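Report on the structure given below.
The values are calculated or read from the model by the stated rules, or taken from the named source; none is laboratory data. Small disclaimer: the values here were computed from a predicted structure and weren't measured. No Cβ is skipped: glycine too gets one built from the backbone with ideal geometry, and neighbour counts run over all protein chains shown. Surface areas here come from the heavy atoms of the whole protein model, side chains and all, with no ligands, DNA or RNA. Shrake-Rupley method; radii C 1.70, N 1.55, O 1.52, S 1.80 Å.
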Amino acid sequence: MHIGKVQTEKEKCVEQLLLTEYNRYFRLAMSFVHNEEDAGDIVQNGAYKAVKGSGSLRSTEYAATWLYRIMLNEIFRFGKEPKHISLEDVEETGYEERYEDLDLRRALDQLSREDKAVVELKFFEDMKLEQIAEILQENVNTVKSRLYRAMKKLRVHLEE
């Protein structure tokens, strides 16, 4: 006789997404905290909350968006100021391909976390504005405004 909890379809879906998309969540967290241990903690906490709360997921078709929202909430909750890193740190962690230009990284760190999230999801995760709006629970026009404002700020920072 098997004693234990039977996994629901939602739990299976969430766990599968966590396994297949872990690197994306980790990269997203790294882009905010610039520290592998902190990024790992963020993703681990997000994964725990996702699995624990998978019963509240309305439908498995929304699981990917729901998981990104959880991860972003964990990143925002982390609450640490972004750390500026040296070139040695980038080479040591192997994330130089993520930010080939340290000036761009520093400019991104100057953005508000909400504006940075829009830029990260749009350009580094290749998401459509509609997907970003769902994840951030904002109107598409608000996301477009955030993206426009963020790009303008990035341009100013990079020109300095």
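Note on the range 111-160: with neighbouring protein chains present and a 1.4 Å probe, carbon and sulfur make up 48 percent of its accessible heavy-atom surface.
Residues in the range 122-130 carry Karplus couplings, in order, of 6, 9, 9, 10, 6, 8, 7, 4, 5 Hz; the curve used is 6.51 cos²θ - 1.76 cosθ + 1.60 with θ = phi - 60°, and Gly or Pro positions show x. Tell me whether the range 108-150 comes out rounded, prolate or oblate; compute the Cα gyration tensor, take square roots of the eigenvalues as a ≥ b ≥ c, and use a/c under 1.5 as the rounded threshold. Verdict is oblate for the range 108-150. Applying the Karplus relation 6.51 cos²θ - 1.76 cosθ + 1.60 with θ = phi - 60° to the range 38-46 yields 3J(HN,Hα) values of 5, 4, x, 4, 4, 5, 5, 5, x Hz, where x marks Gly and Pro. The HN-Hα couplings worked out from phi for the range 149-154 by the Karplus form 6.51 cos²θ - 1.76 cosθ + 1.60 (θ = phi - 60°) are 4, 5, 5, 5, 5, 4 Hz, whole numbers, x standing for Gly and Pro.
Summing Lys and Arg as +1 and Asp and Glu as -1 over all other residues whose Cβ lies under 13 Å from the Cβ of residue 60 gives a net charge of -1.
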